[in-house]
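Data block below; observations after.
The values are calculated or read from the model by the stated rules, or taken from the named source; none is laboratory data. Given the structure is predicted, the values throughout are model-derived calculations rather than measurements. Glycine gets a Cβ as well: all are built from the backbone with ideal geometry, and neighbour counts include every protein chain shown. To get the accessible areas, we keep the full protein, side chains included, count just its heavy atoms, and leave off ligands, DNA and RNA. Shrake-Rupley method; radii C 1.70, N 1.55, O 1.52, S 1.80 Å.
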Amino acid sequence: MKGSKPVYVIGHRNPDTDSICSAISYANLKRALGVNAVAARCGQVNNETKYALEYFKVEQPLMIQDLYPRVKDVVLEVKTVVRQHDTIRHLGEVMRKNELKSIPVVDSKGELVGIVSTGDLAKRYFLELGLQSLSDMRVRYRDIIQATEAKVLVAGDENEVIEGNIRILTGSVAKAKEIIEPGDIVLTGDRSLDTLKKILNLDVSCLIITNDCRVQPEIIAEAKALNRFILSTPYDTYTVGRLINQCVPIRRIMHDNPICFKPMDLLSDIKGIMDEHRFRSYPVVENNKLVGIVTSDEIMLPEHEKVILVDHNERGQAIEGIEDAKIVEIVDHHRLGGVQTSEPIYIHQEPVGCTCTIISNIYWQNDIDIPPSIAGLLLSAILSDTVLFKSPTCTEKDKRAAERLAQIAGVDLREYGLAMLKAGAGIGGKTPAELIRTDLKEFKIGDYKIVVSQISVMDPQEVLDIEPQLIAAMQENCDREGYDMDLMMVTDILEEATYLLYAGSPKTLIGEAFKKDASGTHVYLPGVMSRKKQMIPPLSEAVKRINQN
């Protein structure tokens with residue numbers, strides 16, 4: 001399980017207590033069965049759910065905004081980097097050894113400063129056709145010593161930056177005087193004592209003897225007196241010239257403003273950039289640190305996120321990007337809503353009042369002990385969805401599971417249930433826009449696109465007092481999102497009834513479904529507490545009757 005890509009267990013948008021507790025509890029169950037499952041959510045936790053989580057000391061699930069493929073899903077580990085002060089000779093060796101086309105360049109802190117490719121090396125190769133000035137390349141004597149595998153016969157400051165040019169002594173000293181300038185580096189093979197003395201006195205900075213030719217003691221003494229470097233290398237003069245050119249630091253040939261991506265960038269966003277620039281690979285950075293590489297090949301076939309849907313199965317209620325994910329399981333207690341999968345999957349649906357009732361029984365069927373904290377969350381969801389067993393969706397299975405879970409959690413079922421429902425009741429400091437999204441779910445009923453939210457309260461009047469603002473927010477939601485109707489169930493826990501607020505059209509749908517005068521902005525529905533069993537079915541039947549007429 002360690003190191004494997006996680007399977008996210010996630011409920012619907014605008015999650016209620018069942019959605020959150022199902023995700024946590026089922027993820028815990030899957031981990032017990034050896035699956036790397038992570039509980040997740042795609043919306044804020046409401047006050048009722050917060051009460052349950054805090055009471056049983058359980059952290060909120062991981063927040064995920066969407067499941068669209070991102071750079072993090074295709075990023076490759078960077079196993080090889082070079083530093084900006086490394087030489088291009090070192091770069092060539094690294095590329096050849098690791099069969100790389102490009103390599104990120106970092107500084108001493110590991111922060112990305114550039115990227116260098118085989119193309120950059122090729123350009124430098126053409127520059128080597130003529131020996132170049134090193135004055136603007138920041139080459140140091142230590143770089144030359146290392147590159148040419150030279151012995152230091154007369155030492156100096158190896159960290160000193162070379163200011164002169166590379167000169168090859170091919171003719172007479174008289175001719176050499178015409179081209180050699182102070183600070184230059186002179187390459188020569190086997191030369192007479194007199195010739196070497198004259199070269200040293202031209203104020204050169206370094207004399208490199210090639211082919212391991214013998215250097216007379218008098219020349220050593222002269223160089224020390226004049227404070228000149230003398231190096232001896234086994235390579236011939238032409239090779240040494242090329243090796244010195246390869247002492248140029250990588251930062252002199254790298255791209256110092258590379259196109260970078262971040263782990264959370266969407267693949268759909270970066271594809272156009274990659275098509276435009278057509279580089280083979282791009283660095284991935286986070287907080288200025290290099291975290292990987294992404295290539296054009298990898299983004300073609302990203303590994304999809306694996307998800308388990310709990311407490312829903314409709315596309316309109318699922319997290320954004322669900323079409324780009326791989327659904328591996330569904331555990332739910334609602335109607336089938338048409339989520340499509342690429343292959344057969346495990347689906348567990350039952351006509352019970354709560355998803356957590358199903359999950360509780362899966363624990364027991366697999367002889368897996370339920371920890372007290374998880375039992376508390378499972379219980380909380382059942383009490384919430386059945387409104388302390390008052391909802392018509394409640395079954396004997398829900399009641400039996402709740403009683404057994406209360407014993408494991410060590411709480412008084414009714415006392416805890418009332419406290420939890422009270423914590424979630426009321427509008428608190430929420431705005432109308434926030435209230436109308438409480439436990440909101442989207443439905444496709446006939447040709448109509450409808451959303452239904454639900455808020456449970458002890459005193460419905462505090463909601464009805466701001467009815468005009470709520471209706472305005474609901475109408476704005478319809479206009480913005482393209483819904484035909486926005487419905488809000490204000491459920492009175494004590495009276496076991498619901499005030500149904502509505503915006504949009506056709507209002508005749510409400511009148512037809514509940515046999516009420518729907519000319520206003522709300523109707524009172526005594527005995528109605530369940531969206532699943534008492535709201536959606538009448539609306540569905542009403543749509544059929546309207547279409548027939």
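Could you say which residue among Y502, Y483 is open to solvent by less than 10 Å² (accessible area, probe 1.4 Å) and of a type in the set (F, W, Y)?
The match here is Y502.
Here are some conditions: (1) closer than 16 Å to I493 by Cα; (2) of a type outside the set (S, T, Y); (3) not in a helix (DSSP H, G or I). L421 meets all but one. Which one does it not meet?
Just one mismatch for L421, condition (3).
Being touching a strand residue (DSSP E or B) at 6+ places or on another chain (Cβ under 9 Å) and of a type in the set (S, T, Y): is that true of S519 here?
Values: touching a strand residue (DSSP E or B) at 6+ places or on another chain (Cβ under 9 Å): no; of a type in the set (S, T, Y): yes.
Criteria not met by S519.
Go through (1) among the small types (G, A, S); (2) within 29 Å of the chain's Cα centre (by Cα); (3) assigned to a loop (DSSP other than H, G, I, E, B) for G353 and report which single condition fails.
With (1) among the small types (G, A, S); (2) within 29 Å of the chain's Cα centre (by Cα); (3) assigned to a loop (DSSP other than H, G, I, E, B) applied to G353, the lone miss is (2).
Has region 361-375 got at least one residue that is part of a helix (DSSP H, G or I), touching a strand residue (DSSP E or B) at 6+ places or on another chain (Cβ under 9 Å), more than 17 Å from I20 (Cα to Cα) and open to solvent by 10 Å² or more (accessible area, probe 1.4 Å)?
Yes, some residue in region 361-375 is part of a helix (DSSP H, G or I), touching a strand residue (DSSP E or B) at 6+ places or on another chain (Cβ under 9 Å), more than 17 Å from I20 (Cα to Cα) and open to solvent by 10 Å² or more (accessible area, probe 1.4 Å).
Every residue in region 72-94 that is surrounded by 16 or more Cβ atoms within 10 Å (Cβ to Cβ) and over 22 Å from C260 (Cβ atoms), please.
T87, I88, R89, H90
Within region 453-475, take every residue that is assigned to a helix (DSSP H, G or I) and touching a helix residue (DSSP H, G or I) at 6+ places or on another chain (Cβ under 8 Å) and give me the one that is farthest from T508 (Cα to Cα).
Per the stated criteria, the residue is V463.
Name every residue in region 200-229 that is farther than 14 Å from T188 by Cβ, open to solvent by 30 Å² or more (accessible area, probe 1.4 Å) and touching a residue at least 24 places away in the same chain (Cβ under 8 Å), in order of residue number.
Hits for region 200-229 are N201, E218, I220, E222, K224, L226, N227.
L494 is checked against (1) surrounded by 15 or more Cβ atoms within 10 Å (Cβ to Cβ); (2) part of a loop (DSSP other than H, G, I, E, B); (3) not aromatic (F, W, Y) and fails just one. What number does that condition carry?
So the condition that L494 fails would be (1).
For region 340-360, give me the residue count where each residue is open to solvent by 40 Å² or more (accessible area, probe 1.4 Å) and among the aliphatic types (A, V, I, L, M).
2
Farther than 15 Å from L501 by Cα, in contact (Cβ under 8 Å) with a residue 40 or more places away in the chain and surrounded by 19 or more Cβ atoms within 10 Å (Cβ to Cβ): which single residue out of G428, G446, G417, G424 fits that description?
G424
If you take the residues in region 230-258 that are of a type in the set (A, V, I, L, M, F, W, C) and touching a helix residue (DSSP H, G or I) at 6+ places or on another chain (Cβ under 6 Å), which one is most open to solvent (accessible area, probe 1.4 Å)?
I253
Give V71, V152 a once-over and let me know the one that is in contact with a Phe, Trp or Tyr (Cβ under 6 Å, 6 or more places away or on another chain), at pLDDT 85 or above and of a type in the set (A, V, I, L, M, F, W, C).
Result: V71 is the single residue among V71, V152 that is in contact with a Phe, Trp or Tyr (Cβ under 6 Å, 6 or more places away or on another chain), at pLDDT 85 or above and of a type in the set (A, V, I, L, M, F, W, C).
Show me the helices (runs of 4 or more DSSP H) found entirely inside region 184-292 where at least 3 residues are under 49 Å from the mean Cα position of the chain (by Cα).
Passing ranges, in order: 237-245, 267-277.
Can you say whether K50 is open to solvent by 70 Å² or more (accessible area, probe 1.4 Å), at pLDDT 95 or above and not hydrophobic (A, V, I, L, M, F, W, C), as far as the supplied structure shows?
Judged against the criteria, K50 is a match.
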